[in-house]
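Each remark here refers to the structure printed beneath this line.
Values in this text are rule-based calculations from the coordinates and carry no lab data. Here the structure is a predicted model, which is why all the values come from computation and not from measurement. Here the Cβ positions follow ideal geometry from the backbone for every residue, glycine too, while neighbour counts run over all protein chains shown.
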């Protein structure tokens, strides 16, 4: 069965950096677009970034453009999110999700990122 | 892109039907049939329950149905059950992806 397991979250000071990882299993990872989506405490969901199966197409939300970098290693069945210049408003649970042409069909359990001094 | 608009909360009694709306614009919800809906329990990951406006993934109850009219998509839950109490999020997949603010469903 499809499994997505995020890791790398934690407490970081404003201006700091963090790298999130998502380990995928149960499907052919290299066939799928993948996304990072976040959810602030008690709030709605916000799409952060997605990457095509080959890595050739990448999109970012305006709120993270220039600060976050998405990447993937198809040989390791892994998706990454490098987060730099973190701000308090980046505090959220970060989910990785498998994408199709029209929706995200499987989501991981999420990893919490807290940006605070 | 601005977030899609959902009611903050809806409620219904067991056995009733409820509808949650998701309003966007002609550039997102109104343009293509790429609206999806997710169910989320507290502390859990969202789960896909409707995709491409009205399609149900395998294993999702047929009590859940989706539709669209103009710039507004809707999720209807019929025969409301206690286990349906959760948050529901809509999403449009046009270009970048945009979500609604989420709706909390309370089963009275």
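For the segment A:99-112, counting C-beta atoms of other chains within 10 Å of every residue's C-beta and taking the mean gives 5. Stretching residue B:78 away from residue B:55 to a fully extended chain increases their span by 6.7 nm, per 0.36 nm per residue minus the current alpha-carbon distance. Let a ≥ b ≥ c be the square roots of the eigenvalues of the Cα gyration tensor of the protein assembly as shown; is it rounded (a/c under 1.5), or, if not, prolate (a/b larger than b/c) or oblate? Taking the square roots of the gyration eigenvalues as a ≥ b ≥ c, the protein assembly as shown is prolate.
Neighbouring Cβ atoms from other chains, within 10 Å of the Cβ of residues in A:45-54, number 3 on average.
Expressed in units of 2.2 N^0.38 Å, where N is the residue count, the Cα radius of gyration of chain B is 0.99. Under a crude label model (7 Å from the Cα following the beta-carbon direction), how far is residue B:85 from residue A:109 in nanometres? Roughly 2.4 nm, to one decimal. Between residue A:76 and residue A:23, the modelled label-to-label distance comes to 1.1 nm, taking each label 7 Å out from Cα in the direction of the beta carbon. Volume per residue of the convex hull around the Cα atoms, evaluated for region A:28-88, comes out as 94 Å³.
Sort B:47, B:55 so the one with the fewest other Cβ atoms within 10 Å of its own Cβ comes first.
B:55, B:47
Inter-label distance, residue A:2 to residue B:33: 2.0 nm, where each label sits 7 Å from its Cα along the C-beta direction. Across the alpha-carbon atoms of region B:31-74, the computed radius of gyration and Dmax are 11.1, 33 angstrom. Restricting attention to the protein assembly as shown, close to 90% of DSSP beta bridges with both partner residues there are antiparallel. Using alpha carbon centroids, what distance separates region A:46-117 and region A:1-16, in Å? Cα centres, region A:46-117 to region A:1-16: 10 Å. Shown here: chain A, whose C-alpha atoms stretch 40, 26, 25 Å along the first, second and third principal axes, sorted largest to smallest.
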